[in-house]
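Worksheet: one structure, shown below.
The values are calculated or read from the model by the stated rules, or taken from the named source; none is laboratory data. On a predicted model such as this, the values are computed, not experimentally measured, just so you know. Cβ placement follows ideal geometry from the backbone for every residue including glycine, while neighbour counts extend to all protein chains displayed.
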There are 2 protein chains.
Amino acid sequence: MSFAPSTALRPDSFVPVSVPVEDRVHAARGEFAAVLDMRHAGPRPIRLRYEWVGPADAPVVVLAGGISANRHVAANAQFGEKGWAEGLVGPGRTLDPQRLRVLAFDFIGADGALDVPIDTADQADALAILLDHLGIAQLQAFVGYSYGALVAQQFGLRHRRRVQRLVVVSGAHRAHPYAAAWRALQRRAVALGQLQCSDENGLALARQFAMLSYRTPEEFSERFDAAPEVINGRVRVAAEDYLDAAAAQYVARTPVTAWLRLSESIDLHRIEPAQLLLPTVVVAVEGDRLVPLADLVSLVEGLGPRGSLRVLRSPYGHDAFLKETDRIDAILANAIRIPGETA
Amino acid sequence: MSFAPSTALRPDSFVPVSVPVEDRVHAARGEFAAVLDMRHAGPRPIRLRYEWVGPADAPVVVLAGGISANRHVAANAQFGEKGWAEGLVGPGRTLDPQRLRVLAFDFIGADGALDVPIDTADQADALAILLDHLGIAQLQAFVGYSYGALVAQQFGLRHRRRVQRLVVVSGAHRAHPYAAAWRALQRRAVALGQLQCSDENGLALARQFAMLSYRTPEEFSERFDAAPEVINGRVRVAAEDYLDAAAAQYVARTPVTAWLRLSESIDLHRIEPAQLLLPTVVVAVEGDRLVPLADLVSLVEGLGPRGSLRVLRSPYGHDAFLKETDRIDAILANAIRIPGETA
């Protein structure tokens, strides 16, 4: 196994070159302040929070997920709690921290401290600041899923020389008007809750509507087949227990402002695919109700010879990236060729 | 043109048999009190409101629509305002008031006066009381769309000898678990509004989410393609003006209790298709997000030789019955053969 020359300008000094591979796999978290010139709100102080895992001298891949994802992609020796992309990052996977340095960051606004419109371009610029901070000149790849796919596109557009290729999963060059309307109504649910000083109730309902958009009728049909019940004179359907539990968990860890601003950010996203000049693999899920296959076909058409399309059919719809990890991993294996490695 | 012997036991005395056809076309509205033994709530006083149009001695077809429909299906000489099925009832249509007597009724609970779980079986029993009141022994057909399709099924099950055939459009033998979850969340939007004594806000939001379930992404894509705007620091997407206007109109004419109880009623509906022993034409819309084609295929399979399926593909999804009126009319022409007429 051999590695390409490191893309790190300032390799972390605590990683001597001669140690065995397993000892070269480190993880680190960090946080720092910066000023970001935001597209809709002008210059703003932000805090950037990141985590990476892998050899400090390995090629770097950024992995970014949905608006609820964060910098911790998977459990590792330093940070043992489960991450949001657990099935995709680990030994034997394409995103193997023994071969690659996997970098992730908290989206700006995710801490709830930024109550202004946040553009996907702002996230891309924040990542550029982060790469400067870490001394990373160029990424081997940016793998973005859902909101992360939009950020990947913007990063490829605005910072083209800092990334070799993009993998864009379940995220198009613009929001579909139906999905945008669905999200706008979710934001109204939050606003309705806020009117009565009940942020939690509003956010819980918004999240539940969002969950419907992430999943498919096929899955609900299998899981929630039971007859409705009449409880205290009210009808309760089979999926409600599940939706309640999931929403409670979500609300406990999500600032309302963060959710609102990142939800908006999805709808603000618009790029011109023809201007994206990087090799880009686009992954579409046929059952996705939020990001229709047709929109990803349009994106690939706009990319011309630089784009290629992979289509999955999955009962998990928009959530397929998180659920169909074997199939996604196989796609990533093809999309991210590590220099110096044979297939 | 000839008519079959009237099915009316007590033909209205003001319609002499010898007058020309056009003078025999009348419309009448009525309202009366009754007691209904309800499935979940026991005996309850109800008010039944109906309207019919057509010759009093013509075969009677009941037409029932979604939970927002009412007894006024189309403008006529007596009642000039537009009805909810304007494109389907009129001269030259299959539901031609010169040849058929078209009867419709307000669903029980639609006045908001019945704050208990309402079963589709209750609606069917209420219709039986209405037919007794009007002296109608048997219907030529029951054409039900959406919620009306569920009521048609229950009527066919519980009052089999009072109807010759059913036409069931966009309504299955049970709610799909995904659609049920979608409606349950809409009911929570109402509850969230009620917490702050703002019934209107909650109902408006519920209606807007419901509208998304009635229509398709294809339609939204064509109509709401404009870029989002940032207004007062908030993102507003293209469909929001439309959704606001439609919801305001809806809220102004809909009691919250009516909406809640009829929404629940859809989810309470469950019948066994094999027990439905009437000739039944099932009409499915391929793009329907609320009532998937597969569920209507199941319904038809359960009906055995009594059932037949017609499939439409329409960008209007669940609303196709109200929008694709030429195509629906053609289906009705085949489904409802008027005795004594040649095709």
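If only one of A:Gln98, A:Gln123 is modelled with pLDDT under 95 and either surrounded by 22 or more Cβ atoms within 10 Å (Cβ to Cβ) or outside the structural domain of A:Ala184 (by TED's automatic domain parsing) (or both), which one is it? Criteria check complete, one pass: A:Gln98.
Of the residues in the range A:204-221, none is at the interface with another protein chain (Cβ under 9 Å from one of its Cβ atoms), aromatic (Phe, Trp, Tyr), surrounded by fewer than 21 Cβ atoms within 10 Å (Cβ to Cβ) and touching a Phe, Trp or Tyr at 6+ places or on another chain (Cβ under 9 Å).
Residue-by-condition table, conditions (1) modelled with pLDDT under 95; (2) over 13 Å from B:Pro177 (Cα atoms); (3) not assigned by TED's automatic domain parsing to the domain that holds A:Gly112:
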position	(1), (2), (3)
A:Arg215	yes, no, yes
A:Leu243	no, no, yes
A:Pro255	no, yes, yes
A:Leu260	no, yes, yes
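Of the residues screened, B:Val237 is not one that is over 20 Å from A:Arg187 (Cα atoms) and at pLDDT 95 or above. Scan the range A:293-329 residue by residue and report those that are crowded, with 20+ Cβ neighbours inside 10 Å, more than 24 Å from B:Leu290 (Cα to Cα) and within 14 Å of another protein chain (Cβ to nearest Cβ). A:Leu296 - this is the single residue of the range A:293-329 that is crowded, with 20+ Cβ neighbours inside 10 Å, more than 24 Å from B:Leu290 (Cα to Cα) and within 14 Å of another protein chain (Cβ to nearest Cβ).
Determine, yes or no, whether A:Gln153 is under 19 Å from the mean Cα position of the chain (by Cα) and not basic (Lys, Arg). Yes. Does A:Ala104 satisfy the condition of being touching a Lys or Arg at 6+ places or on another chain (Cβ under 9 Å), surrounded by fewer than 22 Cβ atoms within 10 Å (Cβ to Cβ), in the same structural domain as A:Leu63 (by TED's automatic domain parsing) and at negative phi? Judged against the criteria, A:Ala104 is not a match. Within the range B:288-306, can one find any residue that is free of Cβ contacts under 8 Å to residues at least 12 places away in the same chain and not acidic (Asp, Glu)? Yes - at least one qualifying residue is present in the range B:288-306. Here the range B:268-317 is the region considered, the condition is being of a type in the set (S, T, N, Q) and modelled with pLDDT of 95 or more, and the residue that is nearest to A:Arg236 (Cα to Cα) is B:Ser298.
Every residue, every condition in (1) touching a Ser or Thr at 6+ places or on another chain (Cβ under 7 Å); (2) closer than 22 Å to B:Ala320 by Cα; (3) away from chain A (no Cβ under 14 Å); (4) outside any loop (DSSP other than H, G, I, E, B), yes or no:
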site	(1), (2), (3), (4)
B:Ala238	no, no, no, no
B:Leu243	no, yes, no, yes
B:Ala246	no, yes, no, yes
B:Ala258	no, no, yes, yes
B:Ser265	yes, yes, no, yes
B:Leu278	no, no, yes, no
B:Val291	yes, yes, no, no
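Tell me which residues, restricted to the range A:37-67, are more than 14 Å from chain B (Cβ to nearest Cβ), modelled with pLDDT of 95 or more and surrounded by fewer than 19 Cβ atoms within 10 Å (Cβ to Cβ). Within the range A:37-67, A:Asp37, A:Pro43, A:Pro45, A:Arg47 meet the criteria.
So is B:Ala85 surrounded by 24 or more Cβ atoms within 10 Å (Cβ to Cβ), within 12 Å of the chain's Cα centre (by Cα) and either part of a loop (DSSP other than H, G, I, E, B) or not hydrophobic (A, V, I, L, M, F, W, C) (or both) or not?
Yes; evaluated as a whole, the condition is true for this residue.
Only one entry of A:Glu218, A:Glu222, A:Glu200 meets the criterion of being outside any strand (DSSP E or B) and touching a Pro at 6+ places or on another chain (Cβ under 6 Å), and that entry is A:Glu218. Summed over the range B:138-197, the residues that are more than 14 Å from chain A (Cβ to nearest Cβ) and not in a helix (DSSP H, G or I) give a count of 19. Of everything listed in (1) of a type outside the set (Lys, Arg); (2) modelled with pLDDT of 95 or more; (3) under 20 Å from the mean Cα position of the chain (by Cα), the single unmet condition for A:Ala34 is (3).
Within 25 Å of B:Gly193 (Cβ to Cβ), more than 10 Å from chain A (Cβ to nearest Cβ) and outside any loop (DSSP other than H, G, I, E, B): is that true of B:Val251 in this structure? So B:Val251 passes the test.
Table: residues versus (1) outside any helix (DSSP H, G or I); (2) within 24 Å of A:Gln275 (Cα to Cα).
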position: A:Val297; (1), (2): no, yes
position: A:Gly302; (1), (2): no, yes
position: A:Leu309; (1), (2): yes, yes
position: A:Leu322; (1), (2): no, no
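Under 9 Å between Cβ atoms, at least 6 apart or on separate chains: pull out the pairs that start in the range B:227-240 with a residue that is at positive phi and end on any residue that is at pLDDT 95 or above. If the second residue must be at pLDDT 95 or above, the pairs left are B:Gly233/A:His40; B:Gly233/A:Ala41; B:Gly233/A:Asp115; B:Gly233/A:Val116; B:Gly233/A:Pro117. Screening B:His318 against (1) in contact with a Ser or Thr (Cβ under 6 Å, 6 or more places away or on another chain); (2) part of a loop (DSSP other than H, G, I, E, B) leaves a single unmet condition, (2). Looking only at the range A:68-82, residues that are closer than 17 Å to A:Arg99 by Cα and either surrounded by 18 or more Cβ atoms within 10 Å (Cβ to Cβ) or of a type outside the set (Gly, Ala, Ser) (or both) come to 3 in all.
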